[in-house]
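In what follows, a structure is listed as structure tokens, so that the remarks can point back to it.
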Amino acid sequence: MQERPFDLLNKSIGQSILVRMKNGVSIRGKLVSFDMHMNMVMEEAEELDSNGNAKAKLGTILLRGGNIFFLAPKLGAVLHIFASGSKGLLSSFKLLS
């Protein structure tokens, strides 16, 4: 059976995820909770620069689901995918340790 989006999010609770916002901001942090609108609470959140390095520590934040462009969960060793431009072209990959 194919995994549904909420199944993947449920597996990601307590894990580090990458969220790319519609305005181009990338945020990495630990997923605490989410609702049916994909509003989500993250802890230990930090804004990332274009190279995937921490730019600013944000702490505990609430993200509005309607402003999320995409998210990439960290399940084991995965790649961070950074999109460029409004078309979401893949521009670089950064291996998580």
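The values are calculated or read from the model by the stated rules, or taken from the named source; none is laboratory data. Predicted model, so just to flag it, every value in this text is computed and none were measured. Cβ placement follows ideal geometry from the backbone for every residue including glycine, while neighbour counts extend to all protein chains displayed.
Annotations
- Residue, modelled with the highest pLDDT, within the range 28-61, restricted to residues that are of a type in the set (Lys, Arg) and surrounded by fewer than 17 Cβ atoms within 10 Å (Cβ to Cβ): 57
- Given (1) surrounded by fewer than 17 Cβ atoms within 10 Å (Cβ to Cβ); (2) farther than 11 Å from residue 72 by Cα, index of the condition residue 8 fails: (2)
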